2 protein chains.
Amino acid sequence: MRPKIYLFGDSITEGSFQEGGWGASLTNHFARTADVVLRGYSGYNTRWALKALDTVFPATETSGDSGANDNSSPIAVTVFFGANDACLPDRYASFQHVPLQEYKQNLHSIVSFLKKKWPKTHVLLITPPPIDEEGRLRHPFCKNPQGLVERTYEASGEYARACISVAGECGIPVVDLWNKMQQNPDWENACLSDGLHLAKSGNRVVFEEVISKLKDVGVLPEALPVDLPLLADIDPNDPLKSFQK
Amino acid sequence: MRPKIYLFGDSITEGSFQEGGWGASLTNHFARTADVVLRGYSGYNTRWALKALDTVFPATETSGDSGANDNSSPIAVTVFFGANDACLPDRYASFQHVPLQEYKQNLHSIVSFLKKKWPKTHVLLITPPPIDEEGRLRHPFCKNPQGLVERTYEASGEYARACISVAGECGIPVVDLWNKMQQNPDWENACLSDGLHLAKSGNRVVFEEVISKLKDVGVLPEALPVDLPLLADIDPNDPLKSFQK
């Protein structure tokens, strides 16, 4: 059985199999060696994610109750929340807002849950992306009579830094998407489609950063077994030889 | 636990999570309701696929031994072979060739294996695509001193028709990719990237046809339960209410 990589997050995870999406790229990257499992939930913040944990990662799929079942531990889980937590408390998306300190506590709780369930699994945090406020004003989710952005560049940075500090406190890797994305001088247009969600270059940044961090902890296709022979390893003069156990 | 949809096939399946790929589109389509599992093996024909079956669909993931474990039956499996079987027996890719009658028998065996393991699972055959011989000559897999194509338009059609007849004999659905793709007057360039593998429009045809056939047998996102509330169903005035069991 192939190991799994879970992608747990909000709409930026749920949408990661749209054209050019980072989840699809990850599946392609690990096409013969690992199964990428999509667990993205549009609109969710860490407060809702906490309530969802037992459903997202149900007990029947854990290894906890049986030492013999260790194969069912995923090799990695990406945890990618914060964009919704960072919604401003006095704007139209206030029901998604989670205060900064609670966001940090919630991330800690999510990491603890996963680490308790699967001690050997690599948990990788991803910070929210930077917000392009002009893009948000052009693409509000609903009627926005105030004409004010529901989330800001500044707040996204605060939540990103909080995410990084949680990773440090937990001793786990983190993708600093907030800063990485801004290395592109045209990040507002090249990386984002509506000031919040990922466009082509933004998906590319997430994919490249995720595989880089996974590689740092030894999770890469070349280090994982293939379950069946690769074409290049099949002898053209006796193909079936490769399939003898 | 979410139901699974397995994609079992050759390189056209293995590559289905490349940009714009039909596997990625399928994952996106079922993002909240089913897990798409990639089991694509580049270069494989049905003879090798038969040898691989026990590894691709291992006994530990079957429901057979425990009636209580019925959830682990996938809702669907796509079986997409024939492009390699149809390689000509006297050209450079002859080691991949499988005679037409054996191809049919092998497809029967694969379908029987799946139906015996998972009686309620929908098995969906997909015919090989039409071959663009000029594209193949421009993009040979290896040195081709003969200067002759290793697979032909005509042979791909014979294997496609054989696939369709197997589906009829088994009473299961089939995507007639060979004919569907040729409805595009520029299929050679719009649907194929190298005379064999799928370009953007080809991926679109496979995706549209697969979800259409799945819909015909009742497998569509709207008919499957969601494991957690959709954003539209969450009360902005009391979001946590939706998470009470």
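List of remarks:
- So B:Asp194, is it within 13 Å of another protein chain (Cβ to nearest Cβ) and touching a residue at least 24 places away in the same chain (Cβ under 8 Å): no
- Considering residues of the range B:98-142 that are under 20 Å from B:Trp48 (Cα atoms) and hydroxyl-bearing (Ser, Thr, Tyr) only, the residue surrounded by the most Cβ atoms within 10 Å (Cβ to Cβ): B:Thr127
- In the range B:62-95, residue farthest from the chain's Cα centre (by Cα) [restricted to those that are modelled with pLDDT of 95 or more and polar (S, T, N, Q)]: B:Asn84
- Scan of the range A:183-211 for residues that are open to solvent by 50 Å² or more (accessible area, probe 1.4 Å) and of a type outside the set (D, E, K, R), ordered by number: A:Gln183, A:Pro185, A:Asn189, A:Ser193
- Tally of residues being under 21 Å from B:Gln18 (Cα atoms), away from chain B (no Cβ under 14 Å) and outside any loop (DSSP other than H, G, I, E, B) across the range A:214-245: 3
- The residue of the range B:148-160 that is farthest from B:Asp216 (Cα to Cα), among those that are surrounded by 15 or more Cβ atoms within 10 Å (Cβ to Cβ) and without any contact (Cβ under 8 Å) to a residue 40 or more places away in the chain, is B:Tyr153.
- Of all the numbered requirements in (1) of a type outside the set (Lys, Arg); (2) free of Cβ contacts under 8 Å to residues at least 40 places away in the same chain; (3) under 20 Å from B:Trp22 (Cα atoms), B:Pro145 misses one, and that requirement is (3).
The values are calculated or read from the model by the stated rules, or taken from the named source; none is laboratory data. Quantities reported herein were computed from a predicted structural model and do not represent experimental measurements. Positions of Cβ are backbone-derived with ideal geometry, glycine not excepted, and every protein chain shown enters the neighbour counts. Heads up: the accessible areas ignore ligands, DNA and RNA and are worked out on the full protein's heavy atoms, side chains in. Shrake-Rupley method; radii C 1.70, N 1.55, O 1.52, S 1.80 Å.
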